[in-house]
1. Sort out which residues of segment 165-193 are loosely packed, with under 13 Cβ neighbours inside 10 Å and modelled with pLDDT under 90, and write them in order of number.
2. Using the structure shown, decide if Glu82 is at pLDDT 95 or above, farther than 18 Å from Pro119 by Cα and touching a Leu at 6+ places or on another chain (Cβ under 6 Å).
3. Scan segment 157-193 for residues that are among the hydrophobic types (A, V, I, L, M, F, W, C) and assigned to a loop (DSSP other than H, G, I, E, B) and report the count.
4. Within segment 126-138, is even one residue β-branched (Val, Ile, Thr), free of Cβ contacts under 8 Å to residues at least 12 places away in the same chain and either farther than 18 Å from Glu82 by Cβ or in a helix (DSSP H, G or I) (or both)?
5. Given the conditions (1) in contact with a Lys or Arg (Cβ under 7 Å, 6 or more places away or on another chain); (2) surrounded by fewer than 14 Cβ atoms within 10 Å (Cβ to Cβ); (3) small (Gly, Ala, Ser), report the number of the one that Ala161 does not fulfil.
6. Tally up the residues in segment 113-136 that are under 23 Å from Arg21 (Cα atoms) and exposed (fewer than 12 other Cβ atoms within 10 Å of the Cβ), please.
7. Against the condition modelled with pLDDT of 95 or more, in a helix (DSSP H, G or I), under 16 Å from Tyr116 (Cα atoms) and charged (D, E, K, R), how does Arg21 come out, does it pass?
Amino acid sequence: MVELPIRELDALRSCIITWRRALLELRFQSGEDRGQLAAEHGDLVAYADAAGEAAPFTRAVLAATIGDLEQRVLLTALYRTEVAMSIAWALTLVDAIKPPEEPADLATLDALLPLYAAPSERIASAALRAARVIAEHHARTSELLARARDRHAQHPDDREAGMQLSRAFWRHYGLQWLLGSTSHVEETQVPAF
């Protein structure tokens, strides 16, 4: 029997839970009913509790009531999708990490670990790519991050350039976490931005 990469699967779940909580906050900011969102928030907290979720950032995001998530925290929580895609790639759950010009595949992330259904069957066959392969990809994302940083520096008012920089940063950050040994994503040293 093949041993599942528990550390990486836990981090993937943590990132997806964090992203889902951020979506609830966005929906509130868009005018949706606080009561309905609070009920969904309760379901998400119950899901996290049942899964034994322990990541400090995820627990802090979950602890915030609907309407109380600070903007800086909200943005970080939303970009956990980019970290999640790096982890999903490392676990062979997706074939590639998209270039910074393309957003994370949210439907795929949602299908891997749905809130109201059993995990995708693909989770049971998750296998961590070789550290050498992850390191090679990390080096490539370093180059993508540098290009995105340069583009943003040349066009600081270009919203798309800013989004590409953020995507490149968080995907790179996810790969950096994978190469380390910390339990939780947020314990990773932030790479030079």
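1. Gln189, Val190, Ala192, Phe193
2. On the way: at pLDDT 95 or above: yes; farther than 18 Å from Pro119 by Cα: yes; touching a Leu at 6+ places or on another chain (Cβ under 6 Å): no.
In short, no.
3. First, the residues of segment 157-193 that are among the hydrophobic types (A, V, I, L, M, F, W, C): 161, 163, 165, 168-170, 175, 177-179, 185, 190, 192-193.
From what's left, assigned to a loop (DSSP other than H, G, I, E, B): 190, 192-193.
Matching residues across segment 157-193 total 3.
4. In the first step, residues of segment 126-138 are kept if they are β-branched (Val, Ile, Thr); the result is 133-134.
Of the ones still in play, those that are also free of Cβ contacts under 8 Å to residues at least 12 places away in the same chain are 133.
Filter once more, keeping what is either farther than 18 Å from Glu82 by Cβ or in a helix (DSSP H, G or I) (or both): 133.
Within segment 126-138, one or more residues are β-branched (Val, Ile, Thr), free of Cβ contacts under 8 Å to residues at least 12 places away in the same chain and either farther than 18 Å from Glu82 by Cβ or in a helix (DSSP H, G or I) (or both).
5. (2)
6. Filtering segment 113-136 down to residues under 23 Å from Arg21 (Cα atoms) leaves 113-120, 123.
Still in the list and also exposed (fewer than 12 other Cβ atoms within 10 Å of the Cβ): 116-118.
Summing the residues that are under 23 Å from Arg21 (Cα atoms) and exposed (fewer than 12 other Cβ atoms within 10 Å of the Cβ) in segment 113-136 gives 3.
7. Details: modelled with pLDDT of 95 or more: yes; in a helix (DSSP H, G or I): yes; under 16 Å from Tyr116 (Cα atoms): yes; charged (D, E, K, R): yes.
Here the answer is yes, as Arg21 does meet what is asked.
Residue by residue, here is whether (1) without any contact (Cβ under 8 Å) to a residue 24 or more places away in the chain; (2) surrounded by 19 or more Cβ atoms within 10 Å (Cβ to Cβ); (3) under 19 Å from Ala84 (Cα atoms) holds:
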| residue | (1), (2), (3) |
| --- | --- |
| Ile6 | yes, no, yes |
| Leu9 | no, yes, yes |
| Ile16 | no, yes, yes |
| Ala22 | no, yes, yes |
| Glu32 | yes, no, no |
| Gln36 | yes, no, no |
| Gly42 | yes, no, no |
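The values are calculated or read from the model by the stated rules, or taken from the named source; none is laboratory data. Since we're looking at a predicted model, the values are computed, not measured. Reconstructed Cβ throughout: ideal geometry from the backbone, glycine too, with neighbour counts over all protein chains shown.
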